[in-house]
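Following: one structure in structure tokens, then a few remarks.
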Amino acid sequence: MVDMIQAHGLVKRYKEVTALAGLDLAVPEGQVLALLGPNGAGKTTAVRVLTTLLKPDEGTAHVAGVDVRADPDGVRARIGLSGQYAAVDEHLTGFENLEMVGRLYGLGRSRSRARARELLERFDLVDAGDRPSKTYSGGMRRRLDLAGSLVAAPPVLILDEPTTGLDPRSRVGMWDVIRELVRDGATLLLTTQYLEEADRLADDIVVIDHGRAIARGTADELKSQTGGERVEVVLAHASDREAAVRLLGAVAVGEVGTAENGRDLTAAVDGGVRSLRHVLEGLEAEGLEVLDIGLRRPTLDDVFLSLTGHAAEKDTDENTDAAEEALR
Amino acid sequence: MSTTTPGTTGEAHTGRLPEPTPVPERPNGLVRALTDGWIVAKRNLVKIKRVPEVLVFVLISPIMFVLLFAFVFGGAIDPEGAVGYREFLIGGIFAQTVVFGATFTGAGLAEDMQKGIIDRFRSLPMSHAAVLVGRTTSDVVYNLLSLIIMALTGLLVGWRIREGAFDALLGFALLLLFAYAISWVMAYVGLLVPSVEVINNASFIVIMPLTFVSNAFVPLSSFDGVLRQFVLWNPVSALTQASRELFGNVDPSTPVPDAWSMQHPALYTLGWVVLILAVFVPLSTRQFARASA
């Protein structure tokens, strides 16, 4: 398989800030990569470089096989960009917006019109198609903006925080649309602050902070990086704590965590369901009453916090540096 | 060189690049700048239909200006000679209005920058000059509409075209051309300072003195010393003088001013147009290429 998006050592410095500090990316054809990071991590800068809106200070990037520096126009002809702010003209109708984009891609009048109608249908905007987009809801505007990026049916789509600012229902709607695009074979890079979004949509995730990748892999791989699963127990009586800690200690990797209230216990385990059963049986045998018990996999939130929460520490930085050294 | 961190998903990434997918061929350079420019211009012109405020600015305010000056200052200012103030005034109103109309360019681009539409345009395989060509072109259309309305209002209050129709057309063309050049200056400013409020205030500060310290509203004879020199060489004065001459609104008994700019006002104005375009078209186009919201 070939990489439809490929970037090596991208560096972009502003006066005081280093927005990108040597970012490497690769998105194989037909796959979805989520660039996950907090505000100011460098996600948008990366998008701007890949979409030719910004020239990197160092590094190279190819999109759909075309060098972003050498042939920016060639890149633009092969990408669709949907930005953080729905970039639609509010005085134009939905139809006019899409038709204009088609004309500017060089599709010609009749093809642009046909394509505009097709996309309005697909994005459930037919009824609103002849209204100025000023009258649209936030979700509709985003859909129109996304439709705009698809006008020329580009092989590569780049979506910068496609659901930021949307209400939960519109967000789920947007996810469905994005999934459909990928089923049609598009290669997609999306940035997001939402772990859930990355988890749901992406084949691969790159966690980015301070302009560099601090972790990458599938959602599952990232989750397993923060250690295995946890057994969580909520006791009915705090007085049972000591006995319960002893039980959990027998299967736990490392310390058993106890909460202030003395009833919530957590233990990292490496035996999965077997460990859970063992704990359950022990609790039963000793007659300890529990309100809740479960095996929980670490969420991406856990991963994210453990990665970026300590990003300022020497340790993490050195690891990242070493990882990047290995790339060169 | 590998593209992934060891130990993660290395096997999925081959590092190979695809053959570039075929895309439609597009004409190059000027043709594309003009066709794409016209597409963008049409987009800007839709606004006049859909945004009532624009209609007011383009159509109503020129009428107001003509009536205001004709009836408020009409009695107080003597333009020396037989030509009445209203006749004298119209050339100045024309000049002032088209120059103000040009500030639209800056505000419009600033607004597009703020709303992210410029990013959309810049990510499309369109001519880079087209957004600026489109914007400046649509502003010429706005100015043309303003001129037509002002001319009609002028005719109602006593202004007359006393030279030939051809000269009059040249007069209108010169006014639009000068405004077009100013549009490119404002385009640069709009890309540099993408804030509609700042643009509007800044252009007010520059354009008010430029139009009022000129012969647009008061005769040249009312200025002395340094101020008179400024008025003489102010391009807005030349533009005003040129349109008065081309419309035949200059009294034959008025002494010819003692400056080359006033003796050859059309040529002097054209010189400014060429100079401004030569500087600001490349400057604005370059600024557009690297502009970011």
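The values are calculated or read from the model by the stated rules, or taken from the named source; none is laboratory data. Note that the structure is a prediction, hence the values are computed from the model and not measured. Note that each Cβ is placed from the backbone with ideal geometry, even for glycine, and that neighbours are counted across all protein chains shown.
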Anything in region A:83-95 that is more than 7 Å from every other protein chain (Cβ to nearest Cβ) and at pLDDT 80 or above? List them, or say none.
A:Val88, A:Glu90, A:Thr93, A:Gly94, A:Phe95
Residue check, A:Glu99 against (1) at the interface with chain B (Cβ under 7 Å from one of its Cβ atoms); (2) free of Cβ contacts under 8 Å to residues at least 24 places away in the same chain, all met but one. Which one?
(1)
What are the residues in region A:114-131 that are of a type in the set (A, V, I, L, M) and under 14 Å from A:Arg142 (Cβ atoms), if any?
A:Leu119, A:Leu125, A:Ala128
Does A:Arg131 satisfy being farther than 20 Å from B:Thr21 by Cβ, within 10 Å of another protein chain (Cβ to nearest Cβ) and without any contact (Cβ under 8 Å) to a residue 40 or more places away in the chain?
no
Considering every residue within region B:57-79, establish whether at least one is assigned to a helix (DSSP H, G or I), within 14 Å of chain A (Cβ to nearest Cβ), surrounded by fewer than 22 Cβ atoms within 10 Å (Cβ to Cβ) and not polar (S, T, N, Q).
no
Of (1) more than 30 Å from B:Gly248 (Cβ to Cβ); (2) of a type in the set (Asp, Glu); (3) touching a Lys or Arg at 6+ places or on another chain (Cβ under 8 Å), B:Glu111 satisfies all except one. Which?
(3)
In region A:39-68, residues that are more than 18 Å from A:Glu29 (Cβ to Cβ) and of a type outside the set (S, T, N, Q) total 15
Out of all the residues in region A:1-54, which are more than 8 Å from chain B (Cβ to nearest Cβ), under 27 Å from B:Phe288 (Cβ atoms), modelled with pLDDT of 90 or more and part of a loop (DSSP other than H, G, I, E, B)?
A:Gly42
Matching residues, region B:158-183, being on the phi > 0 side of the Ramachandran plot and among the charged types (D, E, K, R)
none
Any chance you could count how many residues in region A:58-71 are buried (at least 20 other Cβ atoms within 10 Å of the Cβ) and either closer than 15 Å to A:Arg48 by Cβ or more than 9 Å from every other protein chain (Cβ to nearest Cβ) (or both)?
3
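Residue by residue, here is whether (1) under 18 Å from B:Val23 (Cα atoms); (2) under 24 Å from the mean Cα position of the chain (by Cα) holds:
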{"position": "A:Leu119", "(1), (2)": "no, no"}
{"position": "A:Tyr136", "(1), (2)": "no, no"}
{"position": "A:Pro154", "(1), (2)": "yes, yes"}
{"position": "A:Glu161", "(1), (2)": "no, yes"}
Mind listing whichever residues of region A:239-263 are assigned to a strand (DSSP E or B) and either touching a residue at least 60 places away in the same chain (Cβ under 8 Å) or out of contact with any Leu (no Cβ under 8 Å at 6 or more places or on another chain) (or both)?
A:Ala252, A:Val253, A:Gly254, A:Glu255
Anything in region B:30-51 that is at the interface with chain A (Cβ under 9 Å from one of its Cβ atoms), β-branched (Val, Ile, Thr), in a helix (DSSP H, G or I) and within 23 Å of B:Leu145 (Cβ to Cβ)? List them, or say none.
B:Ile39, B:Val40, B:Val46
Out of curiosity, is A:Ala236 touching a strand residue (DSSP E or B) at 6+ places or on another chain (Cβ under 9 Å) and either in contact (Cβ under 8 Å) with a residue 12 or more places away in the chain or over 30 Å from A:Asn39 (Cα atoms) (or both)?
yes
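Matching residues to (1) touching a helix residue (DSSP H, G or I) at 6+ places or on another chain (Cβ under 8 Å); (2) among the hydrophobic types (A, V, I, L, M, F, W, C); (3) surrounded by fewer than 19 Cβ atoms within 10 Å (Cβ to Cβ):
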residue	(1), (2), (3)
A:Asp89	yes, no, no
A:Thr93	yes, no, no
A:Arg122	yes, no, yes
A:Ile158	yes, yes, no
Just checking, does region B:19-35 include any residue being among the hydrophobic types (A, V, I, L, M, F, W, C), at pLDDT 85 or above and surrounded by 16 or more Cβ atoms within 10 Å (Cβ to Cβ)?
yes
Among helices (runs of 4 or more DSSP H) completely within region B:219-293, the ones holding 1 or more residues that are surrounded by fewer than 14 Cβ atoms within 10 Å (Cβ to Cβ) and in contact with a strand residue (DSSP E or B) (Cβ under 8 Å, 6 or more places away or on another chain) are none
Picking from A:Thr191, A:Thr218, the residue that is among the polar types (S, T, N, Q), at negative phi, crowded, with 16+ Cβ neighbours inside 10 Å and in contact with a Leu (Cβ under 9 Å, 6 or more places away or on another chain) would be A:Thr191
Given (1) more than 24 Å from A:Ser133 (Cβ to Cβ); (2) more than 14 Å from chain A (Cβ to nearest Cβ), identify the lone condition not met by B:Pro27.
(2)
